[in-house]
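A short write-up of the structure that comes next.
Every read-out reported here was derived from the displayed coordinates using simple, explicitly stated rules and does not represent laboratory data. Quick caveat: nothing in here was measured; it's all calculated off a predicted structure. A quick note on method: Cβ atoms are made from the backbone with ideal geometry, for glycine too, and the neighbour counts reach across all protein chains shown.
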Amino acid sequence: GAVVSQHPSWVICKSGTSVKIECRSLDFQATTMFWYRQFPKQSLMLMATSNEGSKATYEQGVEKDKFLINHASLTLSTLTVTSAHPEDSSFYICAGTLQETQYFGPGTRLLVL
Amino acid sequence: GEDVEQSLFLSVREGDSSVINCTYTDSSSTYLYWYKQEPGAGLQLLTYIFSNMDMKQDQRLTVLLNKKDKHLSLRIADTQTGDSAIYFCAESITAAGNKLTFGGGTRVLVKP
């Protein structure tokens, strides 16, 4: 139980385009989902907390207009990287919360050329 | 403030026990977690311990919590080559919306 999927698993895009990443909780309802990014050989950095039906809460230093988060249902949250630049290349991981524990998706590797 | 620290690297021979250590600073932690990350993958929850517990055992995994010293450890018995990965400890505080604060990760290499 507590399986989280992400789509796509990897994406390559041109600079200036927007990329949408989906995060789904497959066998549970996640009222709260978290979005992280991870640079090579580093730990996870929390970007934002997403609650179903309300606006996401962004961590300090994360641009909300650049990283658009939508949590339209209890099983789906999306992260859209707008006007992507090469420095946005990273590994993006989401997590859904079940009984106070976070269960992570497999991650999405984004490469911006 | 919140700060979680781990050693960077651990090398162990197959069949031996591995012990990964973690220290944290926030005494109001509610839960403490151990996650495993294999190359190119997301994080797999291994085990967790509630802050009012001292020890938790789950098959080959033993978690020890010293709340006084704010020290958490994960022992893996009979370490296998498939245990090679990065291990993250993390703390969460219920009152802070269950946000996780992660350590930097310990890379465990199991040698045959």
(request) Take every residue in peptide B:37-46, count the Cβ atoms of other chains within 10 Å of its Cβ, and give the average of those counts. (result) 6
(request) Please report A:T80, B:T106 as a ranked list, fewest other C-beta atoms within 10 angstrom at the top and most at the bottom. (result) A:T80, B:T106
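Tell me whether chain B comes out rounded, prolate or oblate; compute the Cα gyration tensor, take square roots of the eigenvalues as a ≥ b ≥ c, and use a/c under 1.5 as the rounded threshold.
On the way: a/c = 1.98, a/b = 1.62, b/c = 1.22.
Here chain B falls in the prolate category.
Going by C-beta contacts inside 10 Å, put A:M47, A:M33, B:M55 in order with the fewest on the left. Write down the numbers at each step before the final one.
Working: A:M47 24, A:M33 29, B:M55 10.
Listed from fewest to most nearby Cβ atoms, that is B:M55, A:M47, A:M33.
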(request) Determine the alpha carbon to alpha carbon distance for each of B:K56/B:K99; B:K70/B:K99; A:K14/A:K66; A:K66/B:K99; A:K55/B:K67 and list only those over 27 Å. (result) A:K55/B:K67
(message) If you filter segment B:40-100 for trypsin sites (Lys or Arg not before Pro), then keep DSSP loop positions with at most 15 other Cβ within 10 Å, what is left?
(response) B:R60, B:K67, B:K68
(request) Could you run the Karplus curve 6.51 cos²θ - 1.76 cosθ + 1.60 with θ = phi - 60° over segment A:54-66 and give me ³J(HN,Hα) per residue in whole Hz, x for Gly and Pro? (result) 9, 6, 6, 9, 9, 6, 4, x, 9, 7, 5, 7, 8
(message) For segment A:30-113, which trypsin sites (Lys or Arg not before Pro) pass both filters: DSSP loop (anything but H, G, I, E, B) and at most 11 other C-beta atoms within 10 Å?
(response) A:K41
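Evaluate the charge dipole of chain A about its Cα centre and quote only its size in Debye, nearest 20, assuming +1 on the Cβ of each Lys and Arg and -1 on the Cβ of each Asp and Glu.
The dipole magnitude comes to about 260 debye.
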(request) Taking 7 Å along the Cα-to-C-beta vector as the label spot, tell me the B:S7-A:L76 distance in nanometres, rounded to one decimal. (result) 4.7
(request) Could you list which residues have their amide H under 5 Å from that of B:T47, counting only those 5 or more apart in sequence or on another chain, with H placed in the peptide plane? (result) B:W34
